[in-house]
Amino acid sequence: MLDLTTKKCVPCNSKEMRPMAEESAHHLIPKVEGWNLVKEDGILKLNRSWKVKSFTKGLEFFKFVADVAEAEGHHPDLHLVGWNNIKIEIWTHAVGGLTENDFILAAKINKLDLHHLLRKKVSA
């Protein structure tokens, strides 16, 4: 299977583009570690959360994601909740669901080196 990070998002202005079936989404979700499939109001979406070190680190995190999103021409919903909780939702608004573009963007976000922005997990 092809690595999603080697693919490029395609423009979603085609009238023929449709959201993928839930079965197809379940087939692709293992390729984007850490992301979850969720269904909100009948719409399948990808989401993932992170905890960052500070509010300003959250804004830096968004800048890295924004650069990838701009390069792909595919833009996620970014949420900074509280001072250090990041949540990203990805879905193709133009088709009302998931497309391969969403998985490509998630894979490219996963490839970013963001560890320096993230809170360290407390070991027990």
Leading residue by the ranking (farthest from I86 (Cα to Cα)) among those in the range 30-60 that are assigned to a helix (DSSP H, G or I) and without any contact (Cβ under 8 Å) to a residue 24 or more places away in the chain:
P30
Could you say whether any residue in the range 108-124 is within 14 Å of the chain's Cα centre (by Cα) and of a type in the set (S, T, Y)?
no
Does the range 95-105 contain any residue that is in a strand (DSSP E or B), hydroxyl-bearing (S, T, Y) and under 13 Å from the mean Cα position of the chain (by Cα)?
no
With the requirement that a residue be modelled with pLDDT of 95 or more and in contact with a Phe, Trp or Tyr (Cβ under 6 Å, 6 or more places away or on another chain), what does the range 62-97 give you?
L78, I86
Looking at L59, is it within 16 Å of N110 (Cβ to Cβ) and modelled with pLDDT of 95 or more?
no
Restricting to the range 78-98, name every residue that is surrounded by 15 or more Cβ atoms within 10 Å (Cβ to Cβ), closer than 12 Å to I43 by Cβ and touching a strand residue (DSSP E or B) at 6+ places or on another chain (Cβ under 8 Å).
E89, I90, W91, G97, L98
Inspect all residues belonging to the range 85-93 and state whether any of them is in contact (Cβ under 8 Å) with a residue 40 or more places away in the chain, in contact with a His (Cβ under 7 Å, 6 or more places away or on another chain) and of a type in the set (K, R).
yes
Does V10 satisfy the criteria of being touching a helix residue (DSSP H, G or I) at 6+ places or on another chain (Cβ under 8 Å) and either acidic (D, E) or surrounded by 11 or more Cβ atoms within 10 Å (Cβ to Cβ) (or both)?
yes
Filtering the range 61-74 for residues that are assigned to a loop (DSSP other than H, G, I, E, B) and either polar (S, T, N, Q) or surrounded by 15 or more Cβ atoms within 10 Å (Cβ to Cβ) (or both) leaves a count of 1
Taking the range 1-27 and keeping residues within 15 Å of I90 (Cβ to Cβ), touching a strand residue (DSSP E or B) at 6+ places or on another chain (Cβ under 9 Å) and assigned to a helix (DSSP H, G or I) leaves A25
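Let's see how each residue does on (1) surrounded by 15 or more Cβ atoms within 10 Å (Cβ to Cβ); (2) of a type in the set (S, T, Y); (3) at pLDDT 95 or above:
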residue	(1), (2), (3)
P30	no, no, yes
G34	no, no, yes
W50	yes, no, yes
L105	yes, no, yes
K120	no, no, no
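The values are calculated or read from the model by the stated rules, or taken from the named source; none is laboratory data. Here the structure is a predicted model, which is why all the values come from computation and not from measurement. When we count neighbours, we look across all protein chains shown, and the Cβ atoms used for this are built from the backbone with ideal geometry, even at glycine.
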